[in-house]
Structure formats: C-alpha cells, structure tokens
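A quick write-up on the structure given underneath.
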Amino acid sequence: MDEQQLPLIVGLGNPGASYAGNRHNVGFMVLDELASRVGGKFKSHKSSAEVVEGRLSNQRAVLAKPRSYMNLSGGAVAGAVRFFKIQPASVIVVHDELDLPFGTVRMKLGGGDNGHNGLRSITSSLSTKDYLRVRCGIGRPPGRMDPAAFVLRDFSTVERKELAFFVDHCADAVEALMTEGLEAAQNRFHQR
C-alpha cells in the first residue's frame, strides 16, 4: 500500500442491535476492535457511514461502517472515497467469507464477489474490483441450510468462545496489510 495514500478501512455488516452478533457482521466486529486500538468512537458522517479517523500502526487511517444494509454498502463506501479523496486501491474491505473455515483470515486484491452482495454493491459503486479485501472465514452452512439464512444467524456457542481471538486476529491482519503490504501480510497470515 502506498504510504502517502490514506487508507479507508471498511467493515461490512448490517446496522442495528438485532444483527450485532450475526456472522454477516464480523466486518463490523473487526472495525470496532480497530476503533478501540486507535482510541476513537464511531461518529455519523456525511458519507452515510459511521467513521473514525485516527492512527493505526502509526499511520493515519479512516475506519468506516456503512449505515445502510449490507446489500447497499457501496454508496457509503463511494461517498467516503470521494470525501477523503482516497484511491480504490487504498480501500480495505473487511467482510465475512463463507468459503473459508471459521477462524481463517485471507487477504487479496480484487476478484469477484462470490455471491457476497456487500462486495457486489461496493464494486458497482466504485466501478472497479481493484480494492483490498480481508476475508474473515465463517464456514459453510450445515446440511442444506440456505447460506442467506446462515449468515444472518449468530455465531454458535462453540464459535463464540473463539470469536474475540478471531476478531483480534483479523484486526491484526488489517494492520499488517497497511504496514507490510499485501504479499508480506499474506505470507504471514496465510500460513494458518
């Protein structure tokens, strides 16, 4: 990541208390952890997101949680990109990933949306797929459960015992991505 470019770190989730513990909201959970690391509180912003500005890993960064539902996240992300004059290549989106086992974190630049409506909305609003992603594994639904229903369920009792560690691990991955760059961060975090 270009050290001169201010990074915009976006966590995906759905607003409201009823969604707070859902698997789909792991992006919000990671952003809450990052906000605690910068010592800031999210505040309403004109970009239609809750925003915290601060220093993360000794670099200025903007943290954002869209106020819209997951499927409409792109408008808030594009608004923050315009407001803060950030290039899409300096956007880091933290999101849930069905195709990774729970507790796994992977990073990449660009790619498809893999059926993730939040990513689809962001790609459409930014007119590019070329932004960074921190993919937080939530596992596949059991049996024939509809994936849409699975992501809107809270983490299981067993998963909740590991959830704080997992969220912390994903937040560490975001910081490594900012400070070390994609390849070095992948080499470190993709070993698990």
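Selection over region 114-152 of residues that are free of Cβ contacts under 8 Å to residues at least 12 places away in the same chain, farther than 19 Å from Ser73 by Cβ and open to solvent by 60 Å² or more (accessible area, probe 1.4 Å) gives a count of 4.
Among the residues of region 120-163, those that are closer than 25 Å to Leu8 by Cβ and among the small types (Gly, Ala, Ser) comprise Ser121, Ser124, Ser125, Ser127, Gly137.
Cβ-Cβ under 9 Å, sequence separation 6+ or interchain: first residue in region 24-48 and at positive phi, partner among the polar types (S, T, N, Q) and not in a helix (DSSP H, G or I). Which pairs? Partner pairs satisfying both residue conditions: Ser48/Ser68. In this entry, Arg106 passes the filter for residues that are within 30 Å of Thr157 (Cα to Cα), in contact (Cβ under 8 Å) with a residue 24 or more places away in the chain and surrounded by fewer than 18 Cβ atoms within 10 Å (Cβ to Cβ). For region 177-192, the set of residues classified as at pLDDT 95 or above and not in a helix (DSSP H, G or I) is empty. Residue count for region 177-192 satisfying the condition of being in contact (Cβ under 8 Å) with a residue 40 or more places away in the chain and of a type in the set (Gly, Ala, Ser): 2.
Every residue, every condition in (1) surrounded by fewer than 18 Cβ atoms within 10 Å (Cβ to Cβ); (2) over 15 Å from Gly11 (Cβ atoms), yes or no:
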| position | (1), (2) |
| --- | --- |
| Asp32 | no, no |
| Gly39 | yes, yes |
| Ala61 | no, no |
| Val77 | no, no |
| Pro88 | no, yes |
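Scanning region 18-25 for residues that are within 22 Å of Leu177 (Cβ to Cβ) and of a type outside the set (D, E, K, R) turns up at least one hit.
Looking across region 153-192 at every residue that is closer than 14 Å to Asn22 by Cα and of a type in the set (Ser, Thr, Tyr), the one that is surrounded by the fewest Cβ atoms within 10 Å (Cβ to Cβ) is identified as Thr157.
Take the conditions (1) in contact with a Ser or Thr (Cβ under 9 Å, 6 or more places away or on another chain); (2) not in a helix (DSSP H, G or I); Asp96 misses just one of them, which is (1). Among the residues that make up region 153-176, is at least one of them in a loop (DSSP other than H, G, I, E, B), within 18 Å of Leu98 (Cα to Cα) and in contact (Cβ under 8 Å) with a residue 24 or more places away in the chain? Within region 153-176 (the criterion being in a loop (DSSP other than H, G, I, E, B), within 18 Å of Leu98 (Cα to Cα) and in contact (Cβ under 8 Å) with a residue 24 or more places away in the chain), the answer is yes, since at least one residue qualifies.
The values are calculated or read from the model by the stated rules, or taken from the named source; none is laboratory data. All values derive from a computational prediction rather than experimental measurement. Note that each Cβ is placed from the backbone with ideal geometry, even for glycine, and that neighbours are counted across all protein chains shown. SASA here: full protein model, heavy atoms, side chains in, ligands and nucleic acids out. Shrake-Rupley method; radii C 1.70, N 1.55, O 1.52, S 1.80 Å.
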